[in-house]
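Taking it in order: structure first as structure tokens, then the write-up.
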Amino acid sequence: MPWRDIKTGHEISQVTVISCREKFVFWIIKRLHSFQNIFRYCIIREKEKGNSMAQKDREKWNRKFSEMPDLLAPRPPSQLVEKYFPKAPGKRALDLACGGGRHTLFLSQKGFDVDAVDISAVALEKLAQKVDPKSVKLIETDLDDFVLHEERYDLIVKTNFLDRDLIERAKKALKKGAVMIVETYLADDANEKRDSNPDFLLQKGELEEIFSDGFEILEYREFWNETYEKYRMKKAAIAVKRL
């Protein structure tokens, strides 16, 4: 039975029918691609308490990442993350203050489901273009308001940002046997950035003290920061396992 145009009743050639089918398939693919992009760029914006400090922090980091896009450039993972991620007992990870997402990308490529949390929409929107939404959840929130559920994660990574209260909350979010890696700047007389807020600098031995109870210290190290950073600064890093 020949194909006919439903409006005119005229017979349609096989070539025309195939062409119509191809156009329809192309339209379906195009629509699916649009839906995929919607999900790909989906960022969860958690409800916050609305304090002015959080808004100032958000504006500061959005401005910083906008004016200095190199801060979001691809970077290799921390050496301790690269060394100790295989010790995680499962595949659920949390990247706190993820920024450009170097650890989110690294861990997702290693098969982890990652919750990536940051206050900056600029950073997360850039990261959203690189991740697979099936394995990475992007969460925009002030870390003071981020709810950490107990014994939820197999691996938690927190680098280049010091919030002592957040570390304490994150410790409780680790499953038994889970791994946590913290790496950030350390107070030192030779640091080049002289105006650093001392509240955001670790003191000698502080990380080891923080994890002295209920944790096995897998490795602790002190070193000078990466050469791509603007100032030469001392860092401390620790990898621990929850007992």
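FYI, it's all coordinate maths here, none of it is from the lab. Since the structure is predicted, the reported quantities are computational estimates derived from the model, not experimental observations. Here the Cβ is made from the backbone with ideal geometry for all residues, glycine too, and neighbour counts use every protein chain on show.
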Study note, to complete from the structure: For residue 217 and residue 135, extending 7 Å from Cα along the Cα-Cβ vector and measuring point to point gives, in nm, a value of 3.3 nm
Exercise for review: May I ask you to order 186-195, 159-168, 114-123, 225-234 by the average number of other C-beta atoms within 10 Å around their residues, highest value first?
Suggested key: 114-123, 159-168, 225-234, 186-195
**Study point:** Estimated dipole of region 134-212 in Debye, rounded to 20 [Cβ of Lys and Arg +1, of Asp and Glu -1, Cα centre]
**Key:** 520 debye
Exercise for review: Might you report the magnitude of the Cβ-based charge dipole of region 90-164 about its Cα centre, with Lys and Arg at +1 and Asp and Glu at -1, to the nearest 20 debye?
Suggested key: 460 debye
Practice item. Lys and Arg at +1, Asp and Glu at -1: add these up for the other residues within a Cβ distance under 9 Å of residue 238 and post the number. Key: -2
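Can you put 144, 199 in order, fewest other beta carbons within 10 Å first?
199, 144
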**Study point:** Rg in Å to one decimal, and Dmax rounded to a whole Å, for region 88-162 via C-alpha atoms
**Key:** 11.4, 33
